[in-house]
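Written out below as structure tokens is the structure these notes cover.
What follows draws every value from the coordinates through simple rules; no lab data is involved. The model shown is predicted, which means the values in this text are computed figures rather than measured ones. Note: ideal-geometry Cβ built from the backbone for every residue, glycine included; neighbour counts use all protein chains shown.
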Amino acid sequence: MADTVASARELVKIYGKGEAQVNALDGVSVDFERGRFTAIMGPSGSGKSTLMHCLAALDRPTSGQVIVDNVDVSTLKDRALTKLRRDRVGFVFQAFNLVPTLTASENITLPVDIAGRKVDREWFDLVIGILGLGDRLSHKPNELSGGQQQRVACARALVSRPAIVFADEPTGNLDSRSAAEVLGFLRRSVDEFGQSVVMVTHDPSAASYADRVIFLADGHVVEEMADPTTEAVLDRMKSFDSHGRHASTDTVEPTKTLVGGDA
Amino acid sequence: MFRVSIKNITGRFWTLVLTALAVVLGTAFVAGSLVFTDSIDRTFNQLFSSSSAGTDAVVRGTETAGSTGFGDGREQLPLDLATDIEAVDGVSAATPQIQGLALMVGADGTAVRNGNAPSFGLAYDPQSQTARITEGRAPEGPDEIAPESSTLERSGLSVGDTSQLLATAEPVDVTIVGVVTSDDASLGATSIYLDAATAQSYFAPQETVSAFSIRGDGSLSQDELAAAIAPVLPDAAEVVTQDVLVEEGREAVGTALGFVNTFLLVVAFVSLLVGAFIIFNVFSMLLARRTRELALLRAVGASSGQVLLAVLVEALAVGLIGSVIGLGLGLLIAFALQSVVGGFGFEISGGLPVDATTVVVTVLAGVIATVVSAMLPAIRASRVAPVAALRDDVALPERQIRIRALIGLVLAAAGVAALLTGLFVEVRSPLWWVGGGVLGVFFGVAIAAPLIARPVVWLISVPSVALAGTVGRLARQNSLRNPRRTAATASALMIGTALVGAATIVTSSINASLSDSIENDLTAQYVLSSGQTTFFPTTVAADAAELDGVALALPTRSLLLQLGSDPSAAGTAPADGTAPADGTAPADGTAPADGTAPESLFVLAGSLEETRRAVDITVVSGDASATGEDSLAIPRSTADEREWSVGDVVTARPGLAEPREFTVTAIYEDSSILQAEGLVSAAVYDEAVPVGQQVDNQILIVAADGADLPALRQELTTLVEPYLVVSVLDGEEFTSQFTNGVNQVLGIISALLGLSIFVALIGIVITLVLSVIERRREIGLLRAVGLTRTQLRRTVTLEGVATSVFGALLGITLGVVFGLSLQRALSEQGLETLSVPYVTLAVFLVVGAVVGVLASAAPAWWASRRDVLESIATE
């Protein structure tokens, strides 16, 4: 599977114990192709964020296997995990993406600086140019607008040329124009630089920028859709909402229930 | 609003613990000092009341000049006065108090001593109700002794063993025949009991003593007994009841320990002050974190007064809890202090008394310090606008940093002015000026510190940025992020460092001044010395003078000249450990006593001509060769103070001798070796001091011309060997005997002030922990984008080090300022040489860095263990 940049096998993540036990991921197996833009969608509590955290080596699954860029993440210790995140993974979060004491430029080169490597100036300038951040580089985060901050975060995610970029609700805090800019940039990074991007979102219009959408519900992958449009995604989401849990459990895995134990 | 306060407290367990910790440490030393001084007090009370058992009254010689209140410096009474007293109806026995200095040799061949505590020889009284033979039998004859049980234990010997006794004559071989158990709290002094005749031959060879213990037959009360005895006493004697004696003893101890109490309270105040800085800082940080919550309270209708009240009630509760725990910790500190003092030979048996006063003072101090420290942050918090609740990124309004700096600088300048006034201008209570000035400087600098924090911390961080790259830069940004906080945390460390720094400079200057003058002035080749608290028989001086290579053996013996016309109130300088007979009198040259006899002159025995052979003394005027018994040579300082000049006639009573007229024959330049107010001939001393009280602790040895010095030293060493406590010192060793004492005092002061550095360290821990909590998400982000745990720990550590080094720098700077001012102010009193110990100060900087590393260890580890996800998860 040379074209798979990240994959999950039988991924289980359980929070809590006994009565309070929650199976956030209940045996998820999914592959993400290299050079593609994948969106993960699902209602609150579906496990989409947990899936992304496990894939991005931010969280350890209870059981199952995660492979990122041909590395079996589940076997790694903290130091190796940190290095993996630093060198092969890029992040864009919903909020609080930047270190407030550093300038935009310092924030962008942070992973490269931490690793003690030289910044690829040409690549840096190219990314900055595309994002239109040229005149904002010496500004501190609190001097930037929300959209600008998120574009800086995107630049940081790309500047170390990671194997994969994970974006967790990157447009959650942005107005629609800024959101479109950020999503447009993620799309361009896939199209022009062959970047692999995985994005968690609950916004159908954001998902429409992706090549493929994976729907999660109750800790299971319930469906996926190629070349999504806002309308198609919206319809699919609506069906989740109207049928609720039963719609998904009935159609996909009728024998299982969300909370460990009986229904 | 009270409910809000309570909820705030219970809901924030850990932050409460941290805040309370600052209060705990601040108040612990207050409680510790109070408990410690109470325990000393109680020890003495036990001492005095237990020794009173079986004694109803004391007949003693009337007080003479220079009395220390411990029964010396009194007229000598004939032993047969006991017969007259015993003839009085109601008196059962009158026992002369025969005692003096005596040492015994222990199993290891050295003198049995307990630190610097004195060593006594006493007459064993078979009828005593406080000292009984508990093993073996009572001593009989000059070759038997019965040591007190703890003394015997210390010696490593047991009943039946042989030892040597060193009293006022040459050492004698003795056998231990018994053990005495005494109810008298000895405070660590060693005691050896002898039979009455032997004790008398050593300690009362002239058949005189200074006191008798009186036992009644039970028919009279103490007062009645005293009244009955009074008529038979001579003019030179007085009778006091045991109750009065106990009270006198307590008062004397109170005076003697007043200095210790004051010093401990100053140290306690310093740690409370440091604690207050930390409390202030913690409250500022906690309230900054809660701005939105406070704004919400305001938005739903709470007045700013109510917000203020809520915060203050919270401070009150934290202060209360912290002080109570501090009280407990104080007991530990008091116990530690007792152990330290015990190590010096002063055993405290008073337990750990907790008085109501201790509880009230500690809790009040803690609560007031907390509430006052929280006041400013609380006021600032109460001014938060309700709209802040709706904003995402809020900060409390920061006052203009420039106004702040101005206030700080003005305060610091006022502090310096007050300090200088106290030191150089004649004012009523200079100590208050100095103390207030120092406080002013501390507060001023602390207030202005945020202004200089930016550039200074930036500079301090240059090495860490150079060495640690991005990690160093992150650390620097973190310490620069909130200069106010960094400065407040550093200020806590500054206080302790400044005080220790000043003490170091003063000590170093004292040492340098002493070394300069002593080494320059001492012409004697050797000094026979037993240190400052032990004495040896006068026979050593006589024997040393007989040696071939010795041109002069000059013992340093001191006495008091009672000035003026009243011949009934003169005295001796007691050469028994209560006066610094080695010449190390207080630097101001006054009498070594408790200051009740200002009209006496503290003089040394020895003519100026003789003394000049051992010490380089410049004669200003008069005849240095006058050796008559009526000649008095005085230093320039005495001449200036008394307005005496050569040829003046002074009427004075030397010790217990008859008053006589002295003529000022010469005036010489002051010498730090001869710290006395004058010189009289040796013959005067022999008349003035009873033979039993004549002991030496220092003899200056001038070698004969052409003498073989190493051989002479060997001979002297052989000579003093039997005396155990005497050593032969050359000039350099002699100097270090002085400087060692000074260094020891510095050690104690530094250790106590060092506690405030420990409090400051905890302050840095608290600040770092809170800033780690505050930056939870930022740390999570850094970890997410690839900062390893090691790198994160290093970031926190470098931040801590930058803060602590900043504090150490501020402290060292202020320490130099304070030390310099003190040295200048004391230069008249002999502190002429300024010595700034650069190496020690550099060590302080290193210590500052180490403090930073230690303080950041736990927060750094804690930060690195935080779950990455938990940190970045959006709420």
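Structure notes:
- Chain A: proportion of alpha-carbon pairs further apart than 33 angstrom, %: 20
- Sites excluded, trypsin sites (Lys or Arg not before Pro) in DSSP loops with at most 12 other C-beta within 10 Å, longest stretch of chain A: A:119-263
- Exposure rule at most 14 other beta-carbon atoms within 10 Å, DSSP loop trypsin sites (Lys or Arg not before Pro): chain B longest free segment: B:429-875
- Förster-model FRET efficiency, 51 Å R0, residue B:546 and residue B:431, C-beta, rounded to 0.05: 0.50
- Taken residue by residue and averaged, Cβ atoms of other chains lying within 10 Å of the Cβ of B:467-480 number 3.
- Contour minus Cα-Cα distance for residue B:359 and residue B:332 (0.36 nm per residue): 8.2 nm
- Taking Cα atoms only, the orientation of helix B:13-51 departs from the longest principal axis of chain B by about 10 degrees.
- A Cβ-based charge dipole, computed about the Cα centre of segment A:40-153 with Lys and Arg at +1 and Asp and Glu at -1, lands at about 260 debye.
- Fewest-first sequence of B:699, B:85, B:617 by Cβ atoms within 10 Å of each Cβ: B:85, B:617, B:699
- Residues whose amide H comes within less than 5 Å of that of residue B:552, counting only those at least five positions distant or on another chain, are B:702 (H built at 1.01 Å from N in the peptide plane).
- Whole-Hz Karplus values for segment B:169-175 come out as 10, 5, x, 10, 6, 9, 10 Hz, taken residue by residue from phi with 6.51 cos²θ - 1.76 cosθ + 1.60 and θ = phi - 60°; glycine and proline positions read x.
- Among B:101, B:237, B:202 - extreme Cα towards positive end, dipole of segment B:56-242, charges at beta-carbon: B:101
- Tensor-based shape of segment B:56-242 (alpha-carbon gyration tensor, a/c under 1.5 rounded, otherwise prolate or oblate): prolate
- Nearest-ten-degree value, helix B:483-521 long axis tilted from longest Cα axis of chain B: 20
- Counting DSSP beta bridges with both ends in the protein assembly as shown, the antiparallel % (nearest 5): 70
- On Cα atoms only, tilt of B:242-289 relative to the major axis of chain B in degrees: 10
- Per-residue ³J(HN,Hα) for segment B:369-374, Karplus 6.51 cos²θ - 1.76 cosθ + 1.60, θ = phi - 60°, Hz, x for Gly and Pro: 4, 5, 5, 5, 5, 7
- With the charge dipole of segment A:1-93 set up from +1 on Lys and Arg Cβ and -1 on Asp and Glu Cβ about the Cα centre, the Cα lying farthest toward the positive end among the listed residues A:73, A:32, A:5 is that of A:73.
- The lysine pair tally for the protein assembly as shown, using Cα distances under 18 Å and a gap of 8 or more places or different chains, is 4.
- Using the Karplus relation 6.51 cos²θ - 1.76 cosθ + 1.60 with θ = phi - 60°, the per-residue 3J(HN,Hα) values for segment B:539-548 come to 5, 4, 4, 5, 5, 4, 4, 6, 4, 4 Hz, with x marking Gly and Pro.
- Once the Cα-Cα distance is subtracted from the 0.36 nm per residue extended length, the residue B:828 to residue B:613 segment shows a gain of 74.7 nm.
- The protein assembly as shown: C-alpha gyration tensor shape, a/c 1.5 cut-off, then a/b vs b/c: prolate
- Top positive-direction residue, dipole computed over the protein assembly as shown with Cβ charges, set B:494, A:195, B:700: A:195
- For residues of B:729-742, the mean tally of beta carbons on other chains within 10 Å: 0
- Within a Gaussian network of chain A (alpha carbon springs, distance under 10 Å), most fluctuating of A:139, A:53, A:220: A:139
- Percent of beta bridges antiparallel (DSSP, chain B, rounded to nearest 5): 80
- Segment B:56-242: relative contact order in percent, alpha carbon pairs under 8 Å with at least 6 residues between: 37
- Annotation: amide H-H contacts under 5 Å for residue B:161 (H modelled 1.01 Å from N, sequence separation of 5 or more, or interchain): B:176.
- Test item: Cα-centred dipole of the protein assembly as shown, Lys/Arg +1 and Asp/Glu -1 on Cβ, debye: 10000
- Net charge dipole size for chain B [Lys, Arg +1 and Asp, Glu -1 on Cβ; Debye, nearest 20]: 9580
- Each of B:499, B:547 was scored by other Cβ atoms within 10 Å of its Cβ. Listed from fewest to most, they are B:547, B:499.
- The overall shape of segment A:1-118, judged from the alpha-carbon gyration tensor, is prolate: a/c is not under 1.5, and a/b is greater than b/c.
- Angstrom value of the Kirkwood radius, inverse mean 1/r, which spans all Cα pairs in chain B: 31.1
- Across chain B, C-alpha contacts under 8 Å between residues 6 or more apart give a mean separation that, scaled by the residue count, equals a relative contact order of 16 percent.
- Low-density loop positions, chymotrypsin sites (Phe, Trp or Tyr not before Pro), segment B:634-693 - DSSP coil, at most 10 other Cβ in 10 Å: none
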